[in-house]
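A short worksheet on the structure shown next.
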Amino acid sequence: MKRVALLGATGSIGRQTVEIVERNPELELCAVAASSSRDELLQIARAHSVPHVSLAGDPPLEELIAASDPDVVLNAVVGFAGVRATLAALEAGIDLALANKESLVAAGPLALAAQGRGGGRLLPVDSEHSAAMQCLEGRPLDTVDALVLTASGGPFRGRTRPELADVTVDDALAHPTWSMGPKITTDSATLMNKGLELIEAHYLFSLPYERLRTVVHPSSVVHAFVQYRDGASIAHLGYPDMRVPISYALTFPSRAPTPCESLDFSRAFTLDFFPPDEEAFPCLALARVAGQAGGGAPCVLNAANEIAVAAFLDGALPFLGISETVERTLARVDAPEVRDLDELLELDSEAREAALASTRELVA
Ligand code: NAD
Ligand code: MG
């Protein structure tokens, strides 16, 4: 029996994880946490006789992990709020199934150092990274020319920058292929999600940014591919369904059965790929530049994006204000290397303050 601590149990990834656990007799929930949907959380805890529950930070996620003694922590909290849990699991040598990409983006070097000390595994839940891990498996990195992450392009694919000026929150939340929480859905509309994923891939797979690419692929059937130096590309395909990478991470390396359909070749389908439009969607380039700058820049990028997305979802910032906030914040906040969690928290707050000031200027 594998004991799973599920953080963010009431969200989009959290609910699908509960379903995977319910269908797999080898998995059990030993802890659940959420900050919203109290009744749903308690209902999950009752239905699965979960002994350890954290609601809205009580107890803190690090304490929940320590008390529940899991074999694997699935971190599906949204945003920087997941950073302590990521670091605590890795430091303790517990396998970490990571959906919470923001924690790795903001705290990459700290997370890898904690993993080095703890010795646990870091298993991506993000579909592209789960796919990439499988395309890369066991092959030396010097044979890899490029890892290519696919992007659906979001609801605004094909629009020019001026055509994005008046889009609404409802427009941004109408994602064509994936059904997800509001923050990542907005990130998909700006393409910041793919930018965060470039940084996530850099830390997960130790590949330099020159060998990380993105391509728009509207049907979201190919999740990633790896191009090797001999001209071969190895791709990972499947219908867009997060239960596949969730199950893969929780049952690695045994690849347990899931209730998900495999591709149906009795119907014709086409696979289209387009280069991303970085002029209409500047967040992708901003993320690449922050990733390449290194140090604390990815933390600043992430913090600014979280502030801007929250303001957009509140109706307090136009869509194009998201990338402008991130750009201004990156230009204003000094982002040296952070050496520990305290320095990271300090940089994150400083970036949030600068981003808030930028959002106010933008709507003034
Ligand atoms: P969501 O908004 O649907 O759910 C977030 C969950 O986290 C909720 O249960 C919420 O209560 C909980 N939470 C938020 N702050 C918390 C805190 N401080 N302490 C404890 N719990 C807290 O989000 P989601 O779409 O499920 O995404 C979760 C993470 O997974 C994000 O980092 C996202 O980028 C990543 N991800 C999601 C998808 C997807 O399909 N939804 C795909 C890939 C990656
Ligand atoms: Mg993804």
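The values are calculated or read from the model by the stated rules, or taken from the named source; none is laboratory data. Treat the numbers as computed from the prediction; the structure is a model and nothing was measured. Here Cβ is always computed from backbone atoms with ideal geometry, including for glycine, and neighbour counts include all displayed protein chains. Ligands, DNA and RNA are stripped out before the accessible areas are found, and what is left, the full protein with its side chains, is counted by its heavy atoms. Shrake-Rupley method; radii C 1.70, N 1.55, O 1.52, S 1.80 Å.
When the residues Ser179, Ser349, Ser127 are ordered by accessible surface, computed with a 1.4 Å probe over the protein chains alone, the sequence from largest down reads Ser179, Ser349, Ser127.
Bridging of Lys183 to lysines at a Cα separation below 26 Å is possible for Lys101, Lys194, once same-chain residues fewer than 8 apart are set aside. Taking all protein chains as they are arranged and a probe of 1.4 Å, the heavy atoms of Asp69 leave approximately 110 Å² accessible to solvent. Put a dot 7 Å past the Cα of Tyr209, heading toward its Cβ, do the same for Arg159, and the two dots end up 2.7 nm apart.
If R0 is 56 Å, the Cβ-Cβ spacing of Asp166 and Arg339 corresponds to a FRET efficiency of close to 0.80. A simple rule links phi to the HN-Hα coupling: the Karplus curve 6.51 cos²θ - 1.76 cosθ + 1.60 with θ = phi - 60°, which for region 64-78 gives 4, 4, 5, 6, 9, 6, x, 7, 8, 9, 9, 8, 10, 5, 9 Hz, with x for Gly and Pro. Each Lys and Arg Cβ is given +1 and each Asp and Glu Cβ -1; about its Cα centre, the chain then shows a dipole of about 640 debye. Once the Cβ-Cβ distance of Asp69 and Asp272 is raised to the sixth power relative to R0 = 56 Å, the FRET efficiency obtained is 0.75. Per-residue surface analysis assigns Arg117 an accessible area of about 150 Å², computed on protein heavy atoms at 1.4 Å probe radius. The HN-Hα couplings worked out from phi for region 230-236 by the Karplus form 6.51 cos²θ - 1.76 cosθ + 1.60 (θ = phi - 60°) are 8, x, 7, 10, 10, 10, 10 Hz, whole numbers, x standing for Gly and Pro. Under 5 Å between amide hydrogens, built in the peptide plane, is the criterion, and for Leu29 it picks out Val4 among residues at least 5 positions away or on other chains. Taken about its Cα centre, region 83-214 carries a charge dipole of about 140 debye when Lys and Arg each add +1 at the Cβ and Asp and Glu each add -1 at the Cβ. Each principal axis of the Cα cloud of the chain was taken in turn, and the coordinate range along them, longest first, works out to 53, 50, 40 Å.
Rounded to whole numbers, the Karplus 3J(HN,Hα) couplings from phi for region 177-190 are 10, 10, 9, 9, x, x, 5, 5, 5, 5, 4, 6, 6, 8 Hz, using 6.51 cos²θ - 1.76 cosθ + 1.60 with θ = phi - 60°, and x at Gly and Pro.
Applying 1/(1 + (r/R0)^6) with r as the Cβ-Cβ distance of Gln292 and Glu19 and R0 = 35 angstrom yields a FRET efficiency of 0.35.
When the charge dipole of the chain is built from unit charges on Cβ atoms (+1 for Lys and Arg, -1 for Asp and Glu) and taken about the Cα centre, the candidate among Thr325, Met192, Gln16 whose Cα reaches farthest toward its positive end is Gln16. Across the options Val300, Leu286, Pro275, the greatest Cα extent toward the positive end of the charge dipole of region 261-364 (unit charges at beta carbon of Lys, Arg, Asp, Glu) belongs to Pro275.
When the trypsin sites (Lys or Arg not before Pro) in region 228-266 are filtered for DSSP coil states and for at most 16 other beta-carbon atoms within 10 Å of their beta-carbon, the remaining sites are Arg229, Arg255. In the complete set of protein chains, residue-level accessible area for Glu63 is approximately 110 Å², probe 1.4 angstrom. Computed over region 165-205, the P(r) curve from all C-alpha pair distances, binned at 5 Å from the origin, holds 6, 22, 27, 19, 14, 7, 4, 1 percent per bin. Largest GNM mean-square fluctuation among Asn305, Asn100, Asn24, using the chain with Cα springs under 10 Å: Asn24.
Potential lengthening of the chain between Ala357 and Ser36 amounts to 112.8 nm, from the contour at 0.36 nm per residue minus the alpha-carbon distance.
Label reach from Ser254 (point 7 Å along Cα→C-beta): in region 20-49, amide nitrogens under 16 Å belong to 20-29.
Exposed loop sites were defined as chymotrypsin sites (Phe, Trp or Tyr not before Pro) in DSSP loop states (anything but H, G, I, E or B) carrying at most 15 other C-beta atoms within 10 Å; in the chain the longest segment without such a site runs 1-264.
Using a Gaussian network model of the chain in which every pair of alpha carbons under 10 angstrom is joined by a spring, one finds that among Gly154, Gly82, Gly321 the greatest mean-square fluctuation is at Gly321. If you run the Gaussian network model on the chain, springs between alpha carbon atoms under 10 Å, then out of Gly14, Gly120, Gly181 the most flexible one is Gly181. Within the chain, what whole-number % of the accessible surface is contributed by carbon and sulfur, with the 1.4 Å probe and all protein chains included in the calculation? Carbon-and-sulfur percentage of accessible area, whole number: 51.
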